[in-house]
Amino acid sequence: MENKIKSENILEFKNLYRTFEDGFTAVEDFNLTIKRGEFVTFLGPSGCGKTTTLRMAAGFDLPTSGKILLNGMDITKLPPNERPINTVFQRYALFPHLNIYDNVAFGLKLKKLPKEQIIKKVKKALEMVDLEGFESRKIQTLSGGQQQRIAIARAIVNEPEILLLDEPLGALDLKMRKEMQLELKNMHERLGITFIYVTHDQEEALTMSDKIVVMSEGKIQQTGAPEDIYNEPKNAFVADFIGDSNIFNGIMTGRCQVRFCGAEFQCVDDIEHGTMIDAVVRPEDVIITSPEKGIIRGRVTNVIFKGVHYEITVMSGKNEIIVQSTKKAEQGAEVGLIVEPEGIHIMVSETAINKIESSVSQSYGLLIFDGSIECDIASLIPGAKMTGDNIMTDAHGNELDYDKMKVILTISPKDISMSDDEKEGIAKGHIINLIYKGDHYSYVVRTDDETDIIVDDEYLWNMGDYVSLIIPRDKISFSLKK
Ligand code: ADP
Ligand code: MG
């Protein structure tokens with residue numbers, strides 16, 4: 001083989017998409033560069049596309065479009081066994097009828113390595129996971145933690161350049177998981193190879209990784225070092241998913257000045273006056289003081305001792321603020337709250353407005369939500385008229401073709417309410433996302449016809465709840481898609 005200088009970037013994903021046969025897109029425009037030796041973590045809620053992405057990296061699944069480069073070479077279609085990549089799966093997938101030696105040696109035997117070499121390599125791999133001398137033990141006699149180590153030994157025995165770990169600690173109890181986190185981190189340092197780790201546990205991601213890739217619904221939300229992700233979340237999803245945080249709707253009221261929770265704060269972000277924003281404030285950045293010294297005033301409604309600090313809930317008007325403090329506060333006490341400029345992270349609000357596209361039926365009604373929303377389409381087109389028998393003509397008398405028309409419905413999240421009575425609303429769906437914003441919750445409801453709708457509601461519903469959406473007809477504005 002030619003003597004190739006290895007690039008600093010070991011793995012690159014370029015515009016990767018995976019759409020399944022049923023039309024569902026699990027991974028969308030995924031772009032990521034991984035450095036040699038890095039510990040990278042894919043972090044996101046269940047179903048966000050982590051496993052699908054790993055499977056494409058390993059070669060068990062092919063992208064619908066896009067490329068995967070290894071050391072600068074296109075490996076998008078290379079079979080798994082030809083990639084220097086091994087996977088530790090969510091469930092260990094050990095062979096229960098084989099002993100430990102045979103489990104670990106499995107891949108090497110397939111490669112038809114000489115027996116003495118296999119024995120040596122298995123021994124070394126077992127040493128790596130602290131199970132030397134366990135060769136002849138049966139799988140069933142091992143604890144969960146030990147089985148996990150065997151699964152890792154079986155992957156590293158092939159001396160891969162990249163180790164993929166898909167929620168490898170998910171089946172372990174909390175104490176064991178903490179221990180294994182440290183061990184895996186040490187193992188990463190000793191082996192010096194690249195780890196791509198998958199978890200839905202933000203704490204695990206923050207403690208273990210060099211780089212975190214936060215994912216939601218198949219898309220990368222943010223990529224960065226743990227500190228950056230924690231301190232400078234790019235959007236409300238990341239802020240809400242990483243660590244505890246207070247998120248408030250607000251508005252810029254001047255240069256480095258922002259209004260939320262009914263008060264003015266100085267901040268470090270210079271964003272244009274009048275911009276609608278989300279302010280993220282970590283509980284440890286809120287300081288409790290006397291009512292007269294506070295920028296906002298409120299009443300303590302709850303105090304929980306958390307071992308090192310207290311978690312204190314303060315209500316200020318309709319806003320709820322979570323505070324972390326090493327000093328206790330008295331329930332019911334009147335307090336003042338201060339947040340220093342550095343403690344306020346401003347995110348320009350993604351325009352939280354629903355723009356829903358609908359096709360038009362033959363009788364010029366809308367096809368969305370089982371046809372339950374009516375719209376006078378002729379009124380959206382200047383000069384258009386209904387000329388009887390469901391025929392519409394434009395200003396020049398030419399017949400208009402409903403097939404080519406699309407109507408956009410614009411609805412503000414605050415105008416929609418939710419009910420558990422299926423008969424009440426005009427569309428039904430499951431809650432797939434939920435973010436608390438100080439005085440209300442921002443939900444995303446995925447309707448039965450797969451439309452995602454943002455709803456603001458002051459009541460707490462649960463993830464997965466099946467709800468009916470009440471959308472007053474007069475709060476919907478209609479326009480024709482150009
Ligand atoms: P994660 O590992 O982040 O929990 P996955 O990558 O396993 O998520 O799945 C992402 C989404 O793709 C899920 O909604 C899942 O139901 C869907 N999905 C996974 N595999 C298939 C498949 N073969 N066909 C259709 N949808 C799939
Ligand atoms: Mg998964």
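Just so it is clear, none of the values below were taken in a lab; they were calculated from the coordinates. What you are looking at is a predicted structure, and each value in this text was computed from that prediction instead of being measured. FYI the Cβ positions are ideal-geometry reconstructions off the backbone, even for glycines, and counts take in every protein chain you see.
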* To do: Consider all pairwise Cα distances in segment 114-272 and report the whole-number % of them above 24 Å.
  => 50
* Asked: Antiparallel as a % of all DSSP beta bridges within the chain, to the nearest 5?
  -> 85
* Structure fact -> Along segment 394-405, Karplus-curve 3J(HN,Hα) (6.51, -1.76, 1.60; θ = phi - 60°) to the nearest Hz, with x for Gly and Pro, reads 8, 4, 8, x, 7, 5, 9, 9, 5, 4, 8, 8
* To do: Give, as ranges by residue number, the residues of segment 336-367 whose backbone N falls under 16 Å from the point 7 Å along Cα→Cβ of Asp403.
  => 359-364
* Computed FRET efficiency, Cβ-Cβ of Asp210 and Ile287, R0 30 Å: what is it to the nearest 0.05? -> 0.40
* Structure fact -> Scoring the chain by relative contact order with C-alpha pairs under 8 Å, at least six apart, yields a percentage of 10
* Structure fact -> Restricting to Cα pairs under 8 Å and 6 or more apart, the percent relative contact order of segment 295-414 works out to 20
* **Linear extension gain, Asp228 paired with Ile353, 0.36 nm per residue minus alpha-carbon span** => 42.2 nm
* Estimated dipole of the chain in Debye, rounded to 20 [Cβ of Lys and Arg +1, of Asp and Glu -1, Cα centre] -> 2200
* **Residue (of Ser412, Pro382, Gln117) at the positive-pole extreme of the chain, dipole from beta-carbon charges** => Gln117
* With r defined as the distance between the Cβ atoms of Asn15 and Glu330 and R0 fixed at 45 Å, what FRET efficiency is calculated, to the nearest 0.05? -> 0.20
* Structure fact -> Taking the reciprocal of mean 1/r across every pair of different Cα atoms in segment 229-337, the Kirkwood radius in Å is 14.5
* Work out from phi, with θ = phi - 60° and the Karplus expression 6.51 cos²θ - 1.76 cosθ + 1.60, the ³J(HN,Hα) of each residue of segment 63-71, listed in order in whole Hz, and give x for Gly and Pro. => x, 6, 7, x, 9, 10, 10, 10, 6
* Asked: Of the listed peptides 458-465, 34-41, what is their order by residue-averaged count of other C-beta atoms within 10 Å, with the highest listed first?
  -> 34-41, 458-465
* For the cross-link pairs Lys50/Lys234; Lys67/Lys211; Lys234/Lys328, which exceed 29 Å when the distance is taken from alpha carbon to alpha carbon? -> Lys234/Lys328
* Under a no-solvent Debye model with one identical scatterer per Cα of segment 287-382, what's log10 I(q)/I(0) at q = 0.17, 0.22 Å⁻¹? -> -0.78, -1.12
* For the chain, Kirkwood radius (reciprocal of mean inverse C-alpha pair distance, Å) -> 26.4
* Can you list the lysines whose alpha carbon is less than 21 Å from that of Lys406, not counting same-chain residues fewer than 8 positions off? -> Lys355, Lys385, Lys475, Lys481, Lys482
* To do: With only Lys, Arg, Asp and Glu charged, each at its Cβ (+1 for the first two, -1 for the last two), find how big the charge dipole of segment 323-419 is about the Cα centre; round to the nearest 20 debye.
  => 260
* For segment 301-315, what does the Karplus curve 6.51 cos²θ - 1.76 cosθ + 1.60, with θ = phi - 60°, yield as ³J(HN,Hα) per residue in whole Hz, taken in order and with x for Gly and Pro? -> 10, 7, 9, 10, 7, 10, x, 9, 9, 9, 9, 10, 9, 10, 9
* Cα gyration tensor of segment 30-93, axes a ≥ b ≥ c as square roots of the eigenvalues: rounded (a/c below 1.5), prolate (a/b > b/c) or oblate? -> rounded
* State, as an integer percentage, the relative contact order of segment 1-108 based on alpha-carbon contacts under 8 Å between residues 6 or more apart. => 26
